[in-house]
Amino acid sequence: MMKVYELCARYLQVYDEDVIGSWTMNEYKAKLKGAHLREIDQLENLSKGAMMNAIAANKKGTTAKKLFDAQKARRELEKGSLQYTRQEVKQPLDKTRYNKMKKAMSSYQMPV
């Protein structure tokens, strides 16, 4: 039981034994999973910030709006959309090298 209290203090910042004891095991696991997901989200946001910093440092004419359009995100949120659409468009995957490799490998014979 001490390990549960340790994890609650470390990840959930909950120190009251009565509160922790009132949770069911499923509630405890869900809260702990949520805390871990929050940490993952924080690391993801840090990595996005680092990428934006690198892009801004290496590109001429980069503005904050080009990296992230906050006004557009706010408008989307006001419309009722919780997830705003990403501004970048993913390029279709180029499969030419893969197809060449696959063709070359199909005719390859293993030495005996």
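So the values come out like this:
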| read-out | value |
| --- | --- |
| Tally of residues being part of a helix (DSSP H, G or I), of a type outside the set (A, V, I, L, M, F, W, C) and either more than 13 Å from the chain's Cα centre (by Cα) or more than 30 Å from LYS66 (Cα to Cα) (or both) across segment 1-51 | 17 |
| Residue within segment 17-35 that is aromatic (Phe, Trp, Tyr) and at pLDDT below 85 present | no |
| Hits in segment 1-32 - residues which are among the hydroxyl-bearing types (Ser, Thr, Tyr) and surrounded by 12 or more Cβ atoms within 10 Å (Cβ to Cβ) | TYR5, TYR11, TYR28 |
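The values are calculated or read from the model by the stated rules, or taken from the named source; none is laboratory data. Computed from a prediction, not measured in an experiment: that's the story for all the values here. Neighbour counts run over all protein chains shown; Cβ positions are idealised from the backbone, glycine included.
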